[in-house]
Amino acid sequence: MISVGIFNGYYPYTLDETIKRVKKDGFNCIQLDLSFKDFDLNDPHTLPQNLTLEKARTIRNAFRDANIEIVAISGYTNLISPDPDKKKKNIAYVKTLLLFARELGSPYVISETGTYEPSSDWVFHEKNTTEEAFQEIKAVIRDLAIYAHEHNAVFLVENYVNNVVGSVDQLLRLFREIDHPGLGLLMDPTNYFNGANIRDVDGELHRIFNALDGRIKIAHAKDIKRAENSEEKHASIDAVESHTFRGAGDVELPAAGLGILNYELYLQLLAKNHPNIPIIIEHLDEADIPRAKQFVDDTLKKIGA
């Protein structure tokens, strides 16, 4: 049975209050955001100095006491930032999370790869598609995979169409050239869609799973629809940028059930070889959480997963 979870960062409260609300909404698992109002862990660039074993164990044990599983840890940052100082700090942030991953409750730390666009972590830059960009991100990810493995963790790459690693082909090359147990894939099919392939949603879903199914460790649940304009879109909620983001370019990324993704097909393909995988809902505000969870739960019941 596939478990439906959520990023706890959509609940902008203290640790105890967040846990109460996660339980109230019926979740038994989360992807961990270190964004609790009573901790000093929300700034990626100060987290390496502020995260301690005591804090990690306090957070992990609070969720265990509540019978809520931590299935992965959010480490979203721009790993290819054109600012060398920011890039160095961003990599240090992810490495800190990998170092503490087991103490935080899961071996999996997730980040997208980023973009050379200096104004945003989500907007396409023409340099993203160059061989130079691929070689640079490959070196970063190889280093993270090795570091993760040395600390009994796994770095999960989450592709996004506007980032340096965005497509099926780029992921296939990345995994071919970094064949390492410290590297896995976060599956979110919505991250592959652009103005061209959104015309064949089912075909693209089959292509994604045929190519990458064996690399999947955790899954996400949001949706896709054609954008009315190409501007970067954010929701007005109390959350980090990775949770306010709603798309840039040809495709918007609303919450599950509010777009055109074929959810029955997505979940059938996911469940075929990953029948007990957690799937984490996202791209919503707190008021929409019950509806989105019900939509994913109902679809899972319909397909028998």
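Of all residue pairs spaced 6 or more apart or on separate chains, those with beta-carbon atoms under 8 Å, a first member in the stretch 283-302 that is without any contact (Cβ under 8 Å) to a residue 60 or more places away in the chain and a second member that is among the hydroxyl-bearing types (Ser, Thr, Tyr) and in a helix (DSSP H, G or I) are Phe295/Tyr263; Thr299/Tyr263. Whether a residue is of a type in the set (Phe, Trp, Tyr), at pLDDT 95 or above and farther than 27 Å from Asn61 by Cα was assessed, and Phe100 does not pass this test. Of the residues making up the stretch 141-159, those that are touching an Asp or Glu at 6+ places or on another chain (Cβ under 9 Å) and under 13 Å from Ser74 (Cα atoms) are Val157, Glu158. Which condition from (1) touching a residue at least 24 places away in the same chain (Cβ under 8 Å); (2) out of contact with any Phe, Trp or Tyr (no Cβ under 9 Å at 6 or more places or on another chain); (3) aliphatic (A, V, I, L, M) is the one that Leu41 breaks? Condition (1) is where Leu41 drops out.
For the stretch 127-135, the criterion of being outside any helix (DSSP H, G or I), in contact with a His (Cβ under 6 Å, 6 or more places away or on another chain) and of a type outside the set (D, E, K, R) is met by none of the residues.
Annotation note: Cβ proximity below 7 Å between a residue of the stretch 242-270 that is more than 14 Å from Phe295 (Cβ to Cβ) and a residue that is at pLDDT 95 or above and among the basic types (Lys, Arg) (sequence gap 6+ or interchain) occurs for Asp250/Arg226; Val251/Arg226; Glu252/Lys225; Leu253/Lys222.
Quick check: anything in the stretch 133-144 at pLDDT below 95, among the small types (Gly, Ala, Ser) and within 25 Å of Lys233 (Cβ to Cβ)? No, there is no match, as no residue in the stretch 133-144 is at pLDDT below 95, among the small types (Gly, Ala, Ser) and within 25 Å of Lys233 (Cβ to Cβ). State which residue pairs qualify: first residue within 22 Å of Leu261 (Cβ to Cβ) and inside the stretch 226-238, second residue of a type in the set (D, E, K, R) and surrounded by fewer than 15 Cβ atoms within 10 Å (Cβ to Cβ) in any location, beta carbons under 9 Å apart, and separation of 6 or more residues or different chains. Matching pairs, first to second residue: His234/Glu241. Out of all the residues in the stretch 129-138, is one or more touching a residue at least 40 places away in the same chain (Cβ under 8 Å) and within 18 Å of the chain's Cα centre (by Cα)? Looking through the stretch 129-138, at least one residue is touching a residue at least 40 places away in the same chain (Cβ under 8 Å) and within 18 Å of the chain's Cα centre (by Cα). A single entry from Ala92, Ala56, Ala62 fulfils the requirement of being part of a helix (DSSP H, G or I), of a type in the set (A, V, I, L, M) and over 21 Å from the mean Cα position of the chain (by Cα): Ala62. The residue that is surrounded by the most Cβ atoms within 10 Å (Cβ to Cβ), counting only those in the stretch 19-53 that are of a type outside the set (A, V, I, L, M) and in a helix (DSSP H, G or I), is Arg21. Among the residues of the stretch 51-106, those identified as over 22 Å from Asp25 (Cα atoms) and of a type in the set (D, E, K, R) are Glu54, Lys55, Arg57, Asp83, Asp85, Lys86, Lys87, Lys88, Lys89, Lys95, Arg102, Glu103. For the stretch 147-169, the set of residues classified as out of contact with any strand residue (DSSP E or B) (no Cβ under 9 Å at 6 or more places or on another chain) and within 27 Å of Leu99 (Cα to Cα) consists of Glu150, His151, Asn152, Tyr160, Asn163, Val164, Gly166, listed by residue number.
Could you check, for the stretch 9-18, whether at least one of its residues is polar (S, T, N, Q) and either surrounded by fewer than 17 Cβ atoms within 10 Å (Cβ to Cβ) or part of a strand (DSSP E or B) (or both)? Looking for residues that are polar (S, T, N, Q) and either surrounded by fewer than 17 Cβ atoms within 10 Å (Cβ to Cβ) or part of a strand (DSSP E or B) (or both), one finds at least one in the stretch 9-18, hence yes. Within the stretch 63-91, the set of residues being more than 24 Å from Lys217 (Cα to Cα) and either surrounded by 17 or more Cβ atoms within 10 Å (Cβ to Cβ) or touching a residue at least 60 places away in the same chain (Cβ under 8 Å) (or both) comprises Ser81, Lys87, Lys89.
The values are calculated or read from the model by the stated rules, or taken from the named source; none is laboratory data. Remember, it's a predicted structure, so these values are computed and weren't measured experimentally. Every residue, glycine as well, gets a Cβ built from its backbone with ideal geometry; the counts of neighbours run over all protein chains shown.
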